[in-house]
Amino acid sequence: MEKKYLFSPGPTMLPPEVLLKMAEPIMHHREPEFEKLFAEIREGLKYLFQTRNEVLIFTSSGTGAMEGAVSNILAKGDKALVVRGGKFGERWGEICKAYGIEFIPIDVEWGRAVDPKRIEEALKADPSIRAVYTQASETSTGVKHPVKEIAAIVKRYENAVVAVDAITGIGVFDIPMDQWGIDVLVSGSQKALMLPPGLSFVALSDKAWKFVERANLPRFYFDFKKELKNAQKNQNSFTPAISLFVGLRESLKLIQKEGLAAVFQRHEKLAGATRAGVKALGLELYAPESPSNALTAVKVPEGIQGGKLKNLFFEKFGITVAGGQDQAKGKIIRIAHLGYYERLDMVMVISALEMLLREMGHKFELGKGVKAAEEILMEQ
Ligand SMILES: Cc1ncc(COP(=O)(O)O)c(C=O)c1O
C-alpha cells in the first residue's frame, strides 16, 4: 500500500474541507452568488495581509503578481534595487530585465539574509532608485529576510517603494503590511493558503497606488487599476479560477478560525522541531542565522547525494520533499512546514529521514532526531 505526502514548499498539502468545497458544482462568475463569495474573500484577505487596502486576486501562479508589481509600479527609465539571495530574488531581476528596467543587484550569499544597511547605502548613493524588490522568505535557500527593517528604511525615501514577495511568508510568520509600511505585498495560493496553484495576490499601500499613476510600462492582464475597479464591485476583470475562489473562502475561514497569532505560533513550533530534529542527526542547516519558518533547508551529509536522498523519500515513503536548485543542487533537501501541517507530520518526515540516512550509511543514533523534535513539539 502506498500513501502520498507533500512536504515541498509549494504546492503543499490541502485540508479536506478545502478539497470538498472545490469539488462542488461550479458557479458562474457574473452572478450574485459569486459576488457574495468575492466579498467574503476580500475581507478574509485583508485580515491575512493585515491591511485595510484591497488585496487584488489574479488567476495565475505567484509570478504573475510579481510581474505586475514591476509593470504597474515603474515607468520607463526608472531604476530598481533587487535583493538577490536565491532563485526568487533572481526572478525579480529577470522580470525587471524583461521590462527594460535597469536594476542594481544586491547579491547575497545563498543561505544568508540581506543586511538592510546595504539597502540604505544603495538608496543613499542613487536617488534615482524607485523600487526595492525583495523576498520575505527566499524559498530556494530557506532564508527569512529582514523585511521590517527594509520597509523602515524605504519609508524614509519619498521617491521609492518596497515590494515584498511573501509567497512563502504570508500566513507563515507575521508580516503586518500596514504597520510595517510595506508598499507592495505579493502572495500565491499553493503555499500557506492551503490551495492548489493558480491564484496570485497583491496589495498596495497608498504610496504604491501613487506610483501606479505614473507607471507607464506595457501591461494588459496584470493591470492593477483595472483589477481594483472590478474588485470593488466584487468582480474579476477576466474569468477567474472559480473553483479556487471557492476553496479560498474555505481556507481563509480555517485561518480566521485558528487566528493569525496561533497560525504563526504553529509554524514556529513546526519549524523549530524540524530544525532540532535534523540537527540532532548531525546535519547542518543551510540557513542557520535567519531560517524561515516556511521550510527547513538542510545540508545533506558528506558522501550522500541530495538528489538520491530526495528520490528515496518518494520511492520508499511516498513523501515529496524538495531538492536544491542551481548552486544548491544535490547539496540540500528542503522540508516544508507551511500551511496544512501539524505536529505529527513533522515527526513522520524526520522519522523517514532517519530511516533513509541510516540506509545510506550516515552514522547516528536512530530515534535521536525524532526525540529532539518531540521535545520541542511538547513544549507548551
Ligand atoms: C518565494 C517565492 N517567490 C516566487 C515563487 C514563484 O511562484 P509561482 O511558481 O507560483 O509563480 C515561489 C514559488 O515557488 C516562491 O516560493
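Restricting attention to region 178-194 and to residues that are surrounded by 24 or more Cβ atoms within 10 Å (Cβ to Cβ) and not in a loop (DSSP other than H, G, I, E, B), the residue that is nearest to the ligand (Cβ to nearest atom) turns out to be 188.
Here is the figure for region 126-163: residues that are away from the ligand (no atom under 16 Å from the Cβ), assigned to a strand (DSSP E or B) and open to solvent by 30 Å² or more (accessible area, probe 1.4 Å) total 1.
Somewhere in region 14-27, is a residue touching a residue at least 40 places away in the same chain (Cβ under 8 Å), under 20 Å from residue 215 (Cβ atoms) and under 21 Å from the mean Cα position of the chain (by Cα)? No, every residue in region 14-27 fails to be touching a residue at least 40 places away in the same chain (Cβ under 8 Å), under 20 Å from residue 215 (Cβ atoms) and under 21 Å from the mean Cα position of the chain (by Cα). Scanning region 108-125 for residues that are touching a Pro at 6+ places or on another chain (Cβ under 9 Å), away from the ligand (no atom under 16 Å from the Cβ) and open to solvent by 10 Å² or more (accessible area, probe 1.4 Å) turns up at least one hit. Here residue 340 meets the list (1) under 18 Å from residue 4 (Cα atoms); (2) in contact with a strand residue (DSSP E or B) (Cβ under 6 Å, 6 or more places away or on another chain) almost entirely, failing just condition (2).
Which of the helices (runs of 4 or more DSSP H) found entirely inside region 9-100 contain at least 2 residues meeting this: within 18 Å of residue 170 (Cβ to Cβ) and open to solvent by less than 40 Å² (accessible area, probe 1.4 Å)? Explain how you work it out, then say what you get.
Details: elements: 16-22, 32-49, 62-71, 87-98.
Output list reads 32-49, 62-71, 87-98.
The values are calculated or read from the model by the stated rules, or taken from the named source; none is laboratory data. Everything quoted here is computed from the prediction, not taken from an experiment. A quick note on method: Cβ atoms are made from the backbone with ideal geometry, for glycine too, and the neighbour counts reach across all protein chains shown. We work out accessible area using only protein heavy atoms, side chains counted, and drop any ligands, DNA or RNA first. Shrake-Rupley method; radii C 1.70, N 1.55, O 1.52, S 1.80 Å.
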